[in-house]
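The numbers here are math on the coordinates, done by the rules we state, and not lab data. A quick note: this is a predicted structure, and the numbers were derived from the prediction, not measured. We place every Cβ from the backbone using ideal geometry, glycine too, and count neighbours over all the protein chains shown.
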Amino acid sequence: MPTSTVIFEADNVSKIYGKGENAFTALKDISFSVKKGESLAIVGKSGSGKSTLMHVLALLDAPSAGILKINNTDITSLSSRNLDLLRNRTFGFVFQQFFLNANMSVLENVILPLKIAGVAETERRKRGLEALKSVELEDKANNKAVDLSGGQKQRAVIARALINNPEVIFADEPTGNLDSTTGAKVEDLLFKLNKEKGITLIIVTHDEDLAKRCKRRIEIKDGQIIKEA
Amino acid sequence: MKLIDILKTASANILQSKLRTFLTVIAIFIGAFTLTLTNGIGAGISSYINSQVGSIGAKNVFFITVKAQDTPATTNNAPEKYNPDQATKNVFGGQSQAVLTQKDLDIIKAQGHILDVRPEQNVSVTYVTAANSDKYQVSVTEFLDGTNLPMNAGVVPDNTSNQLQIILPYNYPSSLGFTSDNNALGKTISLAATSADGTISSVSATVVGVEEKTLIEGGSANVNTALFNALFAIQSQGLPAASLNKYPIAIAHFDSSLTDAQVTDLKSKLSDLGYTAQTIQDEIGIIQKVITGIVIVFDIFAIIALIAASFGVINTLLMAVQERTKEIGLMKAMGMSGNRIFLLFSAEAILLGFWGSFLGIVVAVLVGKIANHIATARFLQDFQGLNLLSFPIHTLVIIVVVIMLIAFLAGTLPARRAARLNPIDALRYE
């Protein structure tokens, strides 16, 4: 696995919400880079701007100033269609609140990114079952998502994040809703993917133990990097 | 996302809140049901009238009268001046009516495309009787060549034949003592007319056909020219010369290959000469305009119901967008474009429109068939061949398409809202 290539490069990135007197600076002159295959923890208190930083990196939000490059491409040069494609093909998302559709089957939930990408149904099913197997949930494929336990839900979410063979997985407080045992299992799974498949991990958390397992950490306070290791 | 997946997802989504979907579909259903029934009645009656047109006259015939003069009351309040050149004839109530003379007929005949013109003369038959039957009243009309009569038996009269021919209305054969319609064919019956001096004379005629029951013609017997002239001759005996050769109406055949525009031209040419020429279609057109007008009024009610229903669609989808805000955010985060989100919600609106209209027309057609069945068995049994409602397939397709379009338009507001959601705000939404 090539670990030396830079995947994200932020240069004086700022994010300002609102205008005039109501303007609120969520991120201020952030500069750092992430290499392929790294695991990076973004830590900070709530309201520090760590989630905003993840949203900007994940192309869910555009920076107000500064330059953000992904795979050496300035994102301002990409059309919204290309941004959509980039998110669909390169990123996987794991959220604290899971965002599973309760009434759909686990398999249906997991293959959603492939459906969006326009992959044919038989192929979707095949890859969906593979992804579920890798998180040890293949026997729950046809259960409704609502019937899963918390840990199972988060594993299903990881299967969903994995299904498009992403380069990067963004995880926003992935263990925030789980007890420590199931949380540890989910963490193991994420770091296994990082190690075995070389998937870059970007984890937003305020959990020190989780942050410590990452190779690098960035600490955010009031929209600025106060510590980088 | 592929279109088929969008359609499947939309289908699954509207089934998730069944009660809400059901109520929205009901509102659309009512509109579609009403539209289908009103148009069904309009189409049923129109097609019946069209089929009846054939039985009262050929298509290339003008009924020509002297153009009505400006009525004095509406022009200058002065009584109308006497015009010595205008032939008149006394009609009921002592009023005189402008009539056509041989001179007028010659002028009309001289117009291009007019094949022949002759006065319409009325014959009143005193009675009709067969070998061993009672005497019955009957009214007769001269058969117009080219008329398409619905026949129960036999053929239409032959105007070129010297034989005196008649076709009987449907209810005469049994009264005249024939065992069946076919039994009457070729038999001789006797028709009597009364002359001006009160003498009753009769002529013998051959039955060549039996006519179906029709709405418009109202049971008069068609006779050929030879029989008509024979009866007219009896009736005219002893009339004063002044009453002869004055005709209220003339019948002119025109070239049947004329286009509608050429017919209109011919009409206006005759109008310039002071004659009013009307075809059967003109007269039927008036009835159809009335029916169309009534159908349009009902259609407007149905459209109002559909507009109300479209607010139901808007409401349903706005609730769906609200409920599924996070799901929309997730799909956008995963790279689904705003356009596709718009399509997804539009597809839900269109599906609601489709199911409402589809169920509406299916139930309306069923109700229509039952109504037809009851009507033709009961109060419409006098109208052979009348279907109260008819449902041409293209009308049904148009209704479904129009309603799907209305639903789509109603869905654009919520769909746009969904398409414009910011994924982060949507994911944070509580």
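Miscellaneous remarks
- HN-Hα J in Hz across the range B:283-295 - Karplus 6.51, -1.76, 1.60, θ = phi - 60°, x for Gly and Pro: 5, 5, x, 5, 4, 5, 4, 5, 5, 4, x, 5, 4
- Estimated vicinal HN-Hα couplings, Hz - the range B:341-352 in sequence order (Karplus 6.51, -1.76, 1.60; Gly, Pro = x): 4, 4, 4, 4, 6, 4, 4, 5, 4, 5, 5, 4
- Modelled FRET efficiency - R0 30 Å, residue B:67 with residue B:256, Cβ distances, 0.05 increments: 0.75
- Calculated over chain B: convex hull of Cα atoms, volume per residue (Å³): 224
- Here the protein assembly as shown is treated with +1 on each Lys and Arg Cβ and -1 on each Asp and Glu Cβ, and its dipole about the Cα centre works out to around 2980 debye.
- Net +/- balance of residues flanking residue B:6 in space, Cβ distance below 13 Å, scoring K and R +1, D and E -1: +2
- Contact order normalised by residue count of chain B, Cα under 8 Å, 6+ apart, percent: 29
- Globularity ratio of the range A:73-209, using Cα Rg and 2.2 N^0.38 Å: 1.03
- Cα centroid of the range A:185-229 to Cα centroid of the range B:157-200, whole Å: 108
- Our analysis of the range B:275-430 gives Rg over Rh at 1.22, with the two radii drawn from alpha carbon positions and Rh computed by the Kirkwood formula.
- Relative contact order [Cα under 8 Å, 6+ residues apart], the range A:1-77, whole percent: 40
- In sequence order, calculated HN-Hα J values of the range B:104-119 (Karplus, 6.51, -1.76, 1.60; Hz; x Gly/Pro): 4, 4, 5, 4, 5, 4, 6, 5, x, 6, 7, 7, 7, 9, 8, x
- Cross-link partners for residue A:215 among the aspartates and glutamates, with Cα-Cα distance under 19 Å and sequence neighbours closer than 8 places in the same chain left out: A:9, A:38, A:167, A:172, A:173, A:187, A:188, A:196, A:207, A:228.
- For chain B, a Gaussian network of Cα nodes joined below 10 Å ranks B:81, B:326, B:109 by mean-square fluctuation, and the top entry is B:81.
- Scaled against the 2.2 N^0.38 Å expected of a compact globular protein of N residues, the Cα radius of gyration of the range B:163-263 reads 1.36.
- Taking chymotrypsin sites (Phe, Trp or Tyr not before Pro) in DSSP loop conformation with at most 14 other Cβ atoms inside 10 Å as exposed sites, chain B has its longest uninterrupted site-free stretch at B:83-378.
- Among the GluC sites (Glu not before Pro) in the range A:127-174, those located in a DSSP loop and surrounded by at most 16 other Cβ atoms within 10 Å of their own Cβ are A:136.
- Å³ per residue enclosed by the Cα convex hull of the range A:186-229: 75
- With contacts taken as Cα pairs under 8 Å and at least 6 residues apart, the range A:73-176 reaches a relative contact order of 45 percent.
- Cα-based equivalent ellipsoid, the range B:119-179: semi-axes from gyration tensor eigenvalues, Å: 21, 16, 11
- Its Kirkwood hydrodynamic radius, worked out from the mean inverse distance over all distinct Cα pairs, puts the range A:1-96 at 14.3 Å.
- Projected onto its three principal axes, the C-alpha set of the range A:87-147 covers 28, 27, 21 Å, listed from the longest axis down.
- Among residues other than residue A:42 with Cβ under 9 Å from its Cβ, the summed charge is +1 (Lys and Arg +1, Asp and Glu -1).
- Hull volume per residue, based on the alpha-carbon atoms of the protein assembly as shown and their convex hull, is 260 Å³.
- Other-chain or far-sequence residues with amide H under 5 Å of residue A:204's (modelled H): A:42, A:171, A:172, A:173
- Dimensions of chain A based on its C-alpha atoms, expressed as ranges along the principal axes with the largest first, amount to 52, 40, 39 Å.
- Rg [Å, one decimal], Dmax [Å, integer] - the range A:20-68, C-alpha atoms: 12.0, 42
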